[in-house]
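Right, one structure below, let's go through it.
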Amino acid sequence: MWTTRVRYVLSVLLLGAATALGTAGSARAALYTGHYDPAYGGIFPQLGWEASALFDVPAACLAIGNGTNIPISGACAGFDVLSAQVSFYNVADPDTILQSYALDPNVIVNGINIAGGHLSGIDTGFFNFFISQLDIAGGGDFGFSLILFGGNLAQLIYADPPQTSPGCAFLPVPGANCGISANAATGVFTPVPEPETLALMLAGLGAIGVARRRRS
């Protein structure tokens, strides 16, 4: 069954991939999406978040073989983060996205994992800081930043009050709070289809939408 949230995630990933493929042409070696979807837990028990990112992986990098924390140099020098975003939902209503934020893809990549000729993990620095106002997070302003680590894991850092850089550098300030999501998200890395397959998938999604409207 196609829920609101599933349709949203698919459209974001597919349209993002289509844009990247259209701008890159045949020079693109391989595109992968990474998807992370946990409940925050701890201080925000009702808050769910999901992150998605689009990665460009050189064919020579995928051919290295199984390896962990491979440096972004040599055969992997062309590796790039093309886009990233974080979305929030209420764990009691996971089908409805409450807010979404596009992240700056210009993030430091410390290394990647390759398994069986496919991208299986990525370690980065902190993605850019953003401010969210969410009733399910207690209301008010909270600053968040995303980090991908441990190969296929991701966690979200919160800061109260918000600051202009990620992490918890301001902790000595009286009354300040900062912490990391209680539940680490396990990433799922999926190759993006070739342009022809992608076009068929988008057409299929459109046909499903038309059929559903006609039935309703």
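Residue under question is ILE136, and the condition is that it be under 21 Å from GLY41 (Cβ atoms), open to solvent by 20 Å² or more (accessible area, probe 1.4 Å) and not in a strand (DSSP E or B); does it hold?
Yes, satisfied.
Out of all the residues in the range 81-98, which are open to solvent by 40 Å² or more (accessible area, probe 1.4 Å) and within 14 Å of the chain's Cα centre (by Cα)?
If the condition is that a residue be open to solvent by 40 Å² or more (accessible area, probe 1.4 Å) and within 14 Å of the chain's Cα centre (by Cα), then LEU82, SER83 are the ones that fit.
Given the residues LEU153, LEU148, which is the only one that is closer than 22 Å to PRO191 by Cα, open to solvent by 40 Å² or more (accessible area, probe 1.4 Å) and among the hydrophobic types (A, V, I, L, M, F, W, C)? Spell out how you get there, then give the answer.
Working: LEU148 fails: open to solvent by 40 Å² or more (accessible area, probe 1.4 Å).
Being closer than 22 Å to PRO191 by Cα, open to solvent by 40 Å² or more (accessible area, probe 1.4 Å) and among the hydrophobic types (A, V, I, L, M, F, W, C) holds for just one of LEU153, LEU148, which is LEU153.
Scan the range 20-32 and tell me whether some residue there is modelled with pLDDT of 95 or more and open to solvent by less than 30 Å² (accessible area, probe 1.4 Å).
yes
Being at pLDDT 75 or above and in contact with a Pro (Cβ under 8 Å, 6 or more places away or on another chain) is the filter here; which residues of the range 160-184 pass it?
The answer is SER181, ASN183, ALA184.
Looking only at the range 50-85, filter to residues that are hydrophobic (A, V, I, L, M, F, W, C) and touching a Leu at 6+ places or on another chain (Cβ under 6 Å); which one of those is farthest from LEU31 (Cα to Cα)?
Per the criteria, the residue is ALA51.
Is there any pair with a first residue in the range 97-116 that is within 20 Å of ASN128 (Cβ to Cβ) and free of Cβ contacts under 8 Å to residues at least 40 places away in the same chain and a second that is part of a strand (DSSP E or B) and of a type in the set (D, E, K, R) whose Cβ atoms are under 9 Å apart and which are 6 or more apart or on different chains, and what are they?
VAL109/ASP80; VAL109/ASP123
Kindly check whether there is at least one residue in the range 106-128 that is farther than 19 Å from SER145 by Cβ, in a loop (DSSP other than H, G, I, E, B) and open to solvent by less than 50 Å² (accessible area, probe 1.4 Å).
yes
Given the options PRO71, PRO58, name the one that is open to solvent by 40 Å² or more (accessible area, probe 1.4 Å), closer than 24 Å to GLY117 by Cβ and either of a type outside the set (Gly, Ala, Ser) or over 19 Å from the mean Cα position of the chain (by Cα) (or both).
Selected residue: PRO71, the only one of PRO71, PRO58 that is open to solvent by 40 Å² or more (accessible area, probe 1.4 Å), closer than 24 Å to GLY117 by Cβ and either of a type outside the set (Gly, Ala, Ser) or over 19 Å from the mean Cα position of the chain (by Cα) (or both).
The values are calculated or read from the model by the stated rules, or taken from the named source; none is laboratory data. Here the structure is a predicted model, which means the values were calculated and not measured. With ideal geometry, Cβ positions are generated from the backbone for all residues, glycine too; neighbour counts draw on all protein chains shown. When the accessible area is computed, the model is the full protein with side chains, heavy atoms only, and any ligands, DNA or RNA have been set aside. Shrake-Rupley method; radii C 1.70, N 1.55, O 1.52, S 1.80 Å.
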